[in-house]
Amino acid sequence: MQMIFDQIKVPAYVLEEEKLRRNLSLIKGVADEAGIDIILAFKAFALWKTFPIFREYINSTTASSLSEARLAYEEFGAPAHTFSPAYTDFEIEDISRMSSHLTFNSLSQYERHHEKALETNPNLKLGIRVNPEYSEVGTDIYNPCAPGTRFGVLASQLPDRLPEDITGFHCHCHCESGADVFQRTLAHIEEKFSRWFDQLEWINFGGGHLMTRKDYDIQLLIDIMKDFKKRYPNLKVILEPGSAFAWQTGPLVSHVVDIVENNDIKTAILDVSFTCHMPDCLEMPYWPTVRGAETIEGEYGEGENVYRLGGNSCLSGDWMQSWKFDHPLQIGETIVFEDMIHYTTVKTCTFNGITHPDISFLDSKGEIHLLKRFGYEDYKNRMD
């Protein structure tokens, strides 16, 4: 595999078909055995040229904007399960037309838009996002249930009798979490909201269920879902993970452009950018795994062959430290950042006009296919 990546001479995200199908097969198996729907969250993965592969395993997707709903409707070929923190007057009709489920973040949003939504699409299933005030997500900016969050209606804010056209609840509490976390969270969801369950037809437990991670307890998730369905046989259950679909399905391939040294700190400047092409690394932050290197989080490591890795934007903070290699780095050498498909490919930007990595597809026969090459027109047209 490294030999294939060494042949790539420009920066590129490389989605690997075998790894993608492995994840899809696992997810489909969980859905079938548990008797639930598991759908793809576009906010984590939206490489639409791969949707024919996804359609072999799943039937629906989830959207959080008009553009995502349109992508579901036109490219995936099925209306979206849509949630937005706040729908706008000028988009609600188009979103409703392209959705099968429409979840409101607040009762005021419901009051403002539900009549227009159903007038546009009489088959639309309406829901309310609820907040159980419990989440084990440790990073505040990724915690959807943190005190003061803008997401979801509290149990104390719901009427005893829901509006007749509300048929479901949506609840999102996780971020790359295990089944044990879901088990504990579900107890809080039931404690807060089960008294309304007999008024509902469906419940969506959101994303963050990282069932394709090696240490994830898949059988526990299946058992949790089966037990829940026995308690509430009237409810159709939906999960909408994003990362789980594209987890460990491919790297970002980059190259050393220059090596500089300042105050005994060596920086390998790459043809990619943390700021533009790996934004979660700086935002969360987290230290990505670099193939063939030891990660030294948060400090400049001691010893030989230790480097900061620097991006090629003009931002002073576009770097991370540090990684220890087993040899001195050379200009032109390939640097492979592992697991850079989910969230990364949907969050990149064209800041500074620096070259955006290609998006490539490595098929099961070992052949590379170019899905998208970005150029000057992409940068220019964004501001046209």
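Just so it is clear, none of the values below were taken in a lab; they were calculated from the coordinates. These numbers were taken from a predicted model, which means no experiment stands behind them. We place every Cβ from the backbone using ideal geometry, glycine too, and count neighbours over all the protein chains shown.
Kindly state, to the nearest 0.05, the FRET efficiency for Lys28 paired with Arg231, given R0 = 25 Å and r defined as their beta-carbon distance. Calculated value: 0.50.
Rounded to the nearest Hz, the phi-derived 3J(HN,Hα) couplings of segment 24-33 under the Karplus curve 6.51 cos²θ - 1.76 cosθ + 1.60 (θ = phi - 60°) are 4, 5, 5, 5, 4, x, 4, 4, 5, 6, where x marks glycine and proline. Spatially, segment 67-133 and segment 168-206 are offset by 20 Å when compared through their Cα centroids. Computed across segment 17-246, the Kirkwood radius stands at 17.8 Å (inverse of mean 1/r, all Cα pairs).
Here the mean projected area of the convex hull built on the C-alpha positions of segment 195-238 is 3.4 nm².
Projecting label points 7 angstrom from Cα along Cα→Cβ for Asp223 and Asp378 puts them 4.6 nm apart. Simple point charges give the picture: +1 on the Cβ of Lys and Arg, -1 on the Cβ of Asp and Glu, and for segment 17-246 a dipole about the Cα centre of about 340 debye.
Just want the answer: with Cβ charges of +1 for Lys and Arg and -1 for Asp and Glu, which residue in Gln321, Met278, Ala268 is farthest toward the dipole's positive end in segment 259-339? It is Ala268.
Quick one: which of 200-212, 80-92, 371-383 comes out on top by average Cβ neighbours within 10 Å, and what's the full order, highest first? Intermediate values should be presented prior to the final figure.
Numbers: 200-212: 22.2, 80-92: 18.2, 371-383: 11.8.
By packing density, highest mean first, the sequence is 200-212, 80-92, 371-383.
With distances taken between every two different alpha-carbon atoms, the chain has a Kirkwood hydrodynamic radius of 22.4 Å. Put simply, when 51-60, 141-150 are sorted by average Cβ atoms within 10 angstrom per residue, most first, you get 51-60, 141-150. Find which of Trp196, Leu20, Ile58 sits farthest along the positive direction of the dipole of segment 17-246, computed with +1 on the beta-carbon of Lys and Arg, -1 on that of Asp and Glu, about the Cα centre. Farthest towards the positive pole: Leu20.
Strictly greater than 22 Å: what percent of every Cα pair in segment 310-384 meets that? Could the numbers behind the result be given before it?
Values: 1125 of 2775 pairs.
When all Cα pairs of segment 310-384 are counted, 41 percent exceed 22 Å.
Of the residues Leu309, His113, Leu239, the one whose Cα sits farthest towards the positive end of the charge dipole of the chain is His113 (charges of +1 on Lys and Arg Cβ, -1 on Asp and Glu Cβ, taken about the Cα centre). Relative to the longest principal axis of the Cα atoms of the chain, the long axis of helix 179-193 lies at roughly 30 degrees. Under 5 Å between amide hydrogens, built in the peptide plane, is the criterion, and for Leu102 it picks out Thr82, Lys125, Leu126, Gly127 among residues at least 5 positions away or on other chains.
The ranking of Asp94, Asp326, Asp264 by Cβ neighbour count inside 10 Å, starting from the fewest, reads Asp264, Asp326, Asp94. For the pairs Lys192/Lys229; Lys49/Lys229; Lys49/Lys324; Lys49/Lys116; Lys28/Lys214; Lys125/Lys192, note any where the Cα-Cα span goes beyond 25 Å. Result: Lys49/Lys229; Lys49/Lys324; Lys49/Lys116 exceed 25 Å. Anisotropy class assigned to segment 13-152 is oblate, per the alpha carbon gyration tensor with a/c at or over the 1.5 cut-off and a/b no larger than b/c. Under a 5 Å amide H cut-off, with hydrogens placed 1.01 Å from N, His255 pairs with Asp271, Val272, Ile335 among residues at least 5 apart or on other chains.
Using θ = phi - 60° in the Karplus curve 6.51 cos²θ - 1.76 cosθ + 1.60, the 3J(HN,Hα) couplings for segment 125-136 round to 9, 9, x, 10, 7, 10, 10, x, 6, 8, 7, 9 Hz; x is entered for Gly and Pro. Extension gain, Met3-Ser364: 0.36 nm per intervening residue step, less the Cα-Cα distance, totals 128.4 nm. Bridging of Lys9 to aspartates and glutamates at a Cα separation below 14 Å is possible for Asp271, Glu333, Asp358, once same-chain residues fewer than 8 apart are set aside. Taking Cα atoms only, the orientation of helix 107-120 departs from the longest principal axis of the chain by about 80 degrees.
Given only helices, namely DSSP H runs of n ≥ 4 each adding -39500 (n - 2.57), what is the per-residue ellipticity at 222 nm of the chain, to the nearest 500 deg cm²/dmol? Mind showing how you got there, number by number?
Details: 13 runs with 105 residues, N = 384.
The helix contribution divided over the chain gives -7500 deg cm²/dmol.
In this simple spin-label model, placing a label point 7 Å from the Cα along the Cα-to-Cβ direction at both Asp264 and Ser316 gives a separation of 2.3 nm.
Remark: the chain carries a charge dipole of roughly 840 debye about the Cα centre, counting +1 on each Lys and Arg Cβ and -1 on each Asp and Glu Cβ. The share of C-alpha pairs in segment 86-138 whose separation exceeds 12 Å stands at 64 percent.
Using a cutoff of 8 angstrom between alpha carbon atoms and counting only pairs six or more residues apart, the relative contact order for the chain works out to 19 percent.
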